[in-house]
Amino acid sequence: MATIAEEWFMEGRVEGRVKGRAEGELEGKQQGIMKVLNVRFGDVSNQISDAIFSIVDAGVLDDILGFAVTADSLAEFQQKLG
């Protein structure tokens, strides 16, 4: 039987893994958006990049990826980004 300290340690490890996966998912989505914008429109301003990397909601990032794919210009994308 595990001690209380061992149980807390294991819970902390599990929580850390879950948090790490979530952060990795967000970073992957952010980088994917940047890749689409770079391929479609060339260099992207630091302002747009900073705005994308400040978003920590996976659903919002999914919507923004859709904007990146369908925008006719970087200016249109930036307008939709806010």
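Where a number appears in this text, it was derived from the coordinates with a stated rule and is not lab data. Since the model is a prediction, treat every value here as computed from it, not as a measurement. Positions of Cβ are backbone-derived with ideal geometry, glycine not excepted, and every protein chain shown enters the neighbour counts.
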Inset, instruction - Mind checking which of Gly66, Val39, Val56 is farthest towards the positive end of segment 25-81's charge dipole, using Cβ charges of +1 (Lys, Arg) and -1 (Asp, Glu) about the Cα centre? - result: Val39
Inset, instruction - Kindly provide log₁₀ I(q)/I(0) values, in the same order as q = 0.18, 0.21 Å⁻¹, from the Debye equation applied to equal alpha-carbon scatterers of segment 25-81. - result: -0.49, -0.68
Legend entry - Helix 4-41 axis, angle to the chain major axis (alpha carbon atoms, nearest 10°): 10 degrees
Legend entry - Set of aspartates and glutamates with alpha-carbon distance to Lys29 below 13 Å, sequence-local pairs under 8 removed: Asp57, Asp62, Asp63
Inset, instruction - Rounded to the nearest 10 degrees, what's the angle between the helix 58-70 long axis and the longest principal axis of the chain, both from Cα atoms, 0 to 90? - result: 20 degrees
